[in-house]
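So the structure is just underneath, and the comments pick up after that.
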Amino acid sequence: MEIVKPVKRNVLLNPGPATTSDAVKYAQVVPDICPREQEFVDIMTQVRQDLVKVVHGDPEKYSAVIFTGSGTIVQDVLVNSLVPQGKKICVVNNGAYAARMVEIAGYYHIPCVDLKFPATGLPDLAVVKETLEKDKDIAVVAAVHHETGTGVLNPIREIGRMAHDNGAVFMVDTISTYGLMPIDIAAQNIDFLMSSAQKGLAGMTGASWTVGNIAEIEKCKDYPTRSYYCNLFMQYDFFDRVGEMHFTPPVQTMYALQQAVKEYFEEGEQPRWERLTKCWEAIHKGLEEMGLKTVIDKDIQGRLVVTVQAPEDGRFDFFKLHDHCFEKGFTIYPGKMFGVETFRLCNLGLITEKDIQDFFVVAREVFQEMGYTLPIAS
Ligand SMILES: *Cc1c(COP(=O)(O)O)cnc(C)c1O
């Protein structure tokens, strides 16, 4: 990949889009092409195969179905396409992204069992089990692997087992883990997972996909069609027969995704996870040294997002912290929790432990400017 001119590097510590390589950025600069050309269809086909490979899916059993849109489009597609007539979806809801799937079900008037649990902890599996055993109208169980809103990692293998024990299909939002944390789709009892190009693979925004169980996709051909553009079977069928998306794909985003997938395999699943784990450890170390507290127990964190509790003495100013960091090339993000003021530090992209250490140099300066003596006394 020719890097014509290095692009200013920003360290994104927000929950996606993530920091990307220059090669991914430049991959988008290609001759104009009609996506119906065989040359582009071949790229689509190769990328779809690779997207199944990332999660160790058997290509005979699983297929990647791509849509043009941000991650939420796959939540929309799966929620509206997988529920048979007269059946229900059950959402294991302990955070903002699970709540979004409940909301989508509401928009489509799909009966939904909203199993709410506190956002700061894990779902109560006994309640999930009991619910699935009692309500035989539940045909689909949905959960979020890693709640990006808080950093909680959910026990999806166990939830998937319960779904299957009760004859339900299991769909998981893995948008903030795919391409970051090792995932084995079959071993983790997943029928459908989700991902989006600008998150774990560190590509460009505009393409999102499910890797799904082909037998289950075939079944949903006969389910109610609740959306035209966001219908799973329609899109799968077009890919299967013609090798293309039904409507215009995000052409340049696909070139970037092809490069991002290449970089994923070059780095390797395990080395990538180790790099990110080091970033996460550096975040905890930096916070501890500043005397800042985290909200979620460390042992239930997914190692990709840390929710930080803001000091409550009136001197803390998130916007000041954000703006100063932004100027120095670091982007941080407000929290997504009720009741407490928080902010989040996310390590989803192409960043290193050194980036985190550099971030803390800047963060410490701002805290001192706000009048704190470090470490902050509790
Ligand atoms: C980012 C994300 C999404 C999708 O959000 P978009 O804004 O549509 O990209 C969905 N679920 C999770 C867990 C996410 O992290």
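The values are calculated or read from the model by the stated rules, or taken from the named source; none is laboratory data. Predicted model, so just to flag it, every value in this text is computed and none were measured. Positions of Cβ are backbone-derived with ideal geometry, glycine not excepted, and every protein chain shown enters the neighbour counts. The protein model used for the area step is the full one, side chains on, heavy atoms only, and it has no ligands, DNA or RNA in it. Shrake-Rupley method; radii C 1.70, N 1.55, O 1.52, S 1.80 Å.
Could you tell me which of the residues VAL127, VAL102 is β-branched (Val, Ile, Thr) and either more than 16 Å from the ligand (Cβ to nearest atom) or not assigned by TED's automatic domain parsing to the domain that holds LYS219 (or both)? Break it down stepwise before answering.
On the way: VAL102 fails: either more than 16 Å from the ligand (Cβ to nearest atom) or not assigned by TED's automatic domain parsing to the domain that holds LYS219 (or both).
The unique qualifying residue is VAL127.
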Specify the residue that is farthest from the ligand (Cβ to nearest atom); the eligible residues are those in the range 187-198 that are open to solvent by 10 Å² or more (accessible area, probe 1.4 Å) and within 21 Å of GLY160 (Cβ to Cβ).
-> ALA187
With respect to ASP173, determine if the residue is touching a helix residue (DSSP H, G or I) at 6+ places or on another chain (Cβ under 9 Å), among the acidic types (Asp, Glu), within 12 Å of the ligand (Cβ to nearest atom) and touching a residue at least 24 places away in the same chain (Cβ under 8 Å).
-> yes
Of residues in the range 340-376 being open to solvent by 90 Å² or more (accessible area, probe 1.4 Å) and either modelled with pLDDT under 95 or farther than 30 Å from GLU267 by Cα (or both), the one nearest to the chain's Cα centre (by Cα) | GLU341
Going by the structure shown, is ALA168 within 14 Å of the ligand (Cβ to nearest atom) and in contact (Cβ under 8 Å) with a residue 40 or more places away in the chain?
-> no
The range 89-103: number of residues that are touching a strand residue (DSSP E or B) at 6+ places or on another chain (Cβ under 9 Å) and part of a helix (DSSP H, G or I) | 7
Listed by first then second residue, the pairs whose first member lies in the range 117-145 and is more than 22 Å from THR294 (Cβ to Cβ), whose partner is buried (at least 23 other Cβ atoms within 10 Å of the Cβ) and of a type in the set (S, T, N, Q), with beta carbons under 8 Å and at least 6 positions apart or on separate chains, are ALA143/ASN154
Tell me, yes or no, whether the range 17-34 has at least one residue that is hydroxyl-bearing (Ser, Thr, Tyr) and under 17 Å from ILE214 (Cβ atoms).
-> no
The condition from (1) touching a Pro at 6+ places or on another chain (Cβ under 8 Å); (2) in contact (Cβ under 8 Å) with a residue 40 or more places away in the chain that ASP22 misses is numbered (2)
Unique residue being assigned to a helix (DSSP H, G or I) and crowded, with 21+ Cβ neighbours inside 10 Å when the list is ALA256, ALA215 = ALA256
